[in-house]
Amino acid sequence: MDSIFNETVKKSVKYWYLLALVGVIFIVIGGYTLSNPLESYLSLSLIFSWSFLITGFFELSASLANRKRINNWGWILVSGVVNVAIGFLLLVRPEISITILPLFVGFFMLFRAVAAIGYAIELRRGGTQGWGWSIFLGILGFLFSLGLIANPSLAGMTLVIWTGLAFISIGVFQIYFSLQLKRLR
């Protein structure tokens, strides 16, 4: 039995590369976060704010462009709206406390990781080879985001490491998922 995903994505997926670009942005942000652990939380919140805003607009574009091709395009739309909302909030309120920023990032990454696990299950249903890597990366992002949420008061290196690893694992998933969509196309 073909899944809804398999039926609609095989026809054609426009702008698959926007999802890959989101992954690249997440990996760059994760790498930057890990390589500059001593940056202040204010500059970190500005970087995150802009990354949420930009990736949100890319996801909104990809979801709207594919609304007639993918039945479950609404999840990409919701992800884009969440990204834009978090980015806007953090840009407007840069004085957000150190303990709240890790929660924002942790819940954002948790949402992304759960979505990644769902996409991996759909890839499996669609008969895509290598879907196990997708679910592995989604679970990895889930665990990193839980670590961030469980310990929001931890400052310094711990926060930077968890945040960087969460961004990188979800970024790798985004690229892998977009390449799978391209293959199905």
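Each of Leu179, Leu137 has its accessible area taken with a 1.4 Å probe; listed largest first, they run Leu179, Leu137. Normalised per residue, the accessible area of segment 45-185 is 46 Å², obtained with a 1.4 Å probe and no contribution from ligands, DNA or RNA.
By the gyration tensor of its Cα atoms, with a ≥ b ≥ c the square roots of the eigenvalues, what is the shape of segment 63-185: rounded for a/c under 1.5, prolate for a/b over b/c, or oblate? The shape class here is oblate. Take the Cα of Lys68, step 7 Å toward its Cβ, do the same at Glu95, and the gap between the two points is 4.9 nm.
Once the chain from Leu103 to Trp133 is taken as fully extended at 0.36 nm per residue, the excess over their C-alpha distance is 8.1 nm.
Spacing of the modelled spin labels on Val24 and Arg183, each 7 Å from Cα toward Cβ, amounts to 2.0 nm. If the chain linking Tyr17 and Phe88 were pulled fully straight, counting 0.36 nm for each residue of separation and taking away their Cα-Cα distance, it would gain 23.1 nm. The phi torsions of segment 114-128, fed into the Karplus equation with coefficients 6.51, -1.76 and 1.60 and a -60° offset, translate into couplings of 5, 4, 4, 5, x, 5, 5, 5, 5, 4, 4, 4, x, x, 6 Hz, rounded to whole numbers, with Gly and Pro shown as x.
The values are calculated or read from the model by the stated rules, or taken from the named source; none is laboratory data. Keep in mind that this is a model prediction, so the values were computed, not measured. Heads up, the Cβs are rebuilt from the backbone with ideal geometry, glycines too, and the neighbour counts pull from every protein chain shown. Remember, those area values only see protein heavy atoms, side chains included, never the ligands or the DNA or RNA. Shrake-Rupley method; radii C 1.70, N 1.55, O 1.52, S 1.80 Å.
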